[in-house]
Amino acid sequence: MSLLQQNKTIGILTLVSGIIALLCMILGAIAVNFHFEVFNNPVLMLSLPGIHIEAARWSMILDMFGYYLLLLPLIYYLHDWMKDKTPFSNLITFCGLAYVLIGSIGASILAVAYPKALNSFPIASADMQQLIRSNFEFVNSMVYDGMWNLLEMIFAGTWWISMGILIYQSGRKNIGLVTFALGSFSLLDGFSGIIQHETLHEMSLNVYLYLSIIWAIWIGISIYRKPLC
């Protein structure tokens, strides 16, 4: 495979990651029967009517690939591109890899936890339902509050801000600015988790969720048309 073909493949995979992330959001809404309050309190899934268990499972699988794993080729591509542009290339790439690893582990945990809890809860006794609810709340708090909206966002924000600066300096100012903005909102989400500021968290998280989709599609098309290296 020639270098040009490799670059085009990376562009396509990054574009696909954005599309899959968008499908994850759509399937997630279908899974909770468009009860959007579930996104702020996943424990409501156990008691609300019309929850689609298989859709909930697949939304997490799509999350694992769309928001995370399919970005791996891009991360290594950008690593090779920036090696002669900054002495911190290894550290920046580590942050990108940490974001993908932590995020995909969290999604894979929920892909298993959701169907088990949602299938068991309706047929369990009252005492068992309380135990399932407590465990379900704990797992969601561990993934959402600990792994995703605290730790991974610090790594993600550092990676995107660093890449945004380098891409901007390379002459691609628009995508550089968007990358920097995405990193800034990611760090803001991590900071809101540290200080436990709910309003700030919701705002920064929503920007991250949608802007990261736009960013992946945009940079994927950009690299496909005109590779960075």
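Structural remarks
- Any hit, the stretch 206-226, residues being more than 23 Å from Val38 (Cα to Cα), touching a residue at least 40 places away in the same chain (Cβ under 8 Å), of a type in the set (Ser, Thr, Tyr) and out of contact with any strand residue (DSSP E or B) (no Cβ under 9 Å at 6 or more places or on another chain): yes
- Scanning the stretch 8-25 for residues that are surrounded by fewer than 18 Cβ atoms within 10 Å (Cβ to Cβ) and more than 16 Å from Tyr208 (Cα to Cα) returns Lys8, Thr9, Ile12, Val16.
- Pair list, Cβ < 9 Å and 6+ apart or interchain, from the stretch 2-20 residues that are of a type in the set (Phe, Trp, Tyr) to residues that are modelled with pLDDT of 95 or more and buried (at least 20 other Cβ atoms within 10 Å of the Cβ): none
- Test set (1) at pLDDT below 95; (2) of a type outside the set (Val, Ile, Thr); (3) in contact with a helix residue (DSSP H, G or I) (Cβ under 7 Å, 6 or more places away or on another chain) - Cys24 fails condition number: (1)
- Looking only at residues in the stretch 68-85 that are open to solvent by less than 20 Å² (accessible area, probe 1.4 Å) and in contact with a helix residue (DSSP H, G or I) (Cβ under 7 Å, 6 or more places away or on another chain), the one that is farthest from Ile213 (Cα to Cα) is Met82.
- Filtered residue count, the stretch 26-67, keeping only those that are open to solvent by 30 Å² or more (accessible area, probe 1.4 Å), more than 30 Å from Arg225 (Cβ to Cβ) and not aliphatic (A, V, I, L, M): 15
- Of all residues in the stretch 112-144, those satisfying the criterion of being surrounded by fewer than 14 Cβ atoms within 10 Å (Cβ to Cβ) and under 20 Å from Ile61 (Cα atoms) are Val112, Asn119, Ser141.
- Candidates His201, His197, filtered to the one that is over 19 Å from Gly96 (Cβ atoms), at pLDDT below 95 and open to solvent by less than 80 Å² (accessible area, probe 1.4 Å): His201
The values are calculated or read from the model by the stated rules, or taken from the named source; none is laboratory data. The model shown is predicted, which means the values in this text are computed figures rather than measured ones. Please note: Cβ atoms are built from the backbone with ideal geometry, for glycine as well, and neighbour counts cover all protein chains shown. These accessible areas exclude ligands, DNA and RNA; they are computed on the full protein's heavy atoms, side chains included. Shrake-Rupley method; radii C 1.70, N 1.55, O 1.52, S 1.80 Å.
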